[in-house]
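Peer 1: Here you go, one structure.
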Amino acid sequence: MTRTTTAGTPRAAKTSGGFAGGCLAVGLLLLSALLILVSFAATTEIDSPEAFPGIKDNRSGLVLVILILGVAALLGAAATALRVSRRALPTAAVSLACALLLAAAGCRAYTLAPMLKCWGHESLAHNPDDSYTCHDRRI
């Protein structure tokens, strides 16, 4: 015979749902971290004109989409963690990880914003004064 909680659901089902939800939250956190890291790595050549001078392919639109997906996964991880765990330690750990990833995403959005003015152009160049020049390559 299975004991039931006050809501009427079996206690074993509630425990396994918490474990699955915790795994989902950790998976979404890892996915978010990966997507935010990829958004940084995708424009490394553009961000450092000293190391990579010249005109580079414009990937700012793609990077923005990747960053938005990373933030969406981050919000999903936070919501899942808050829903499945009412204990302080797991919730605090997920909250700290979410805060760090959200700060990284904010930093990425801040550095990506000047590039977005070249949205419709094929390539761009990073100028020494931290501005960007849009270019279209014609055949």
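Peer 1: Pick out the one residue from LEU34, LEU28, LEU101 that is open to solvent by 80 Å² or more (accessible area, probe 1.4 Å) and either among the small types (Gly, Ala, Ser) or at pLDDT 90 or above (or both).
Peer 2: Selected residue: LEU34, the only one of LEU34, LEU28, LEU101 that is open to solvent by 80 Å² or more (accessible area, probe 1.4 Å) and either among the small types (Gly, Ala, Ser) or at pLDDT 90 or above (or both).
Peer 1: Look through the stretch 41-85, keep the residues that are among the basic types (Lys, Arg) and in contact (Cβ under 8 Å) with a residue 40 or more places away in the chain, and return whichever of them is farthest from GLY21 (Cα to Cα). Show your work before the answer.
Peer 2: Of all residues in the stretch 41-85, those among the basic types (Lys, Arg) come to 56, 59, 83.
Remaining after also requiring in contact (Cβ under 8 Å) with a residue 40 or more places away in the chain: 56, 83.
On the way: LYS56: 42, ARG83: 8 Å.
The residue in question is LYS56.
Peer 1: While we're looking at this one, here's another question. Name the residue that is farthest from ASP130 (Cα to Cα), counting only residues in the stretch 86-96 that are in contact (Cβ under 8 Å) with a residue 12 or more places away in the chain and open to solvent by 30 Å² or more (accessible area, probe 1.4 Å).
Peer 2: So the residue we want is PRO90.
Peer 1: Do you know which of the residues in the stretch 36-61 that are touching a helix residue (DSSP H, G or I) at 6+ places or on another chain (Cβ under 9 Å) and aliphatic (A, V, I, L, M) is nearest to HIS126 (Cα to Cα)?
Peer 2: ILE46
Peer 1: OK, next. Taking the stretch 46-63 on its own, how many of its residues are of a type in the set (D, E, K, R), out of contact with any Asp or Glu (no Cβ under 6 Å at 6 or more places or on another chain) and at pLDDT 80 or above?
Peer 2: 2
Peer 1: Which of the residues that make up the stretch 49-106 are polar (S, T, N, Q) and in a loop (DSSP other than H, G, I, E, B)? Break it down stepwise before answering.
Peer 2: Start the filter on the stretch 49-106 by keeping residues that are polar (S, T, N, Q), which leaves 58, 60, 80, 85, 91, 95.
Result: ASN58, SER85.
The values are calculated or read from the model by the stated rules, or taken from the named source; none is laboratory data. Just so we're clear, the structure is a prediction, and the values are computed from it rather than from any experiment. Cβ atoms come from the backbone with ideal geometry, glycine included; neighbour counts cover every protein chain shown. Side chains included, ligands, DNA and RNA excluded: accessible areas come from the protein's heavy atoms. Shrake-Rupley method; radii C 1.70, N 1.55, O 1.52, S 1.80 Å.
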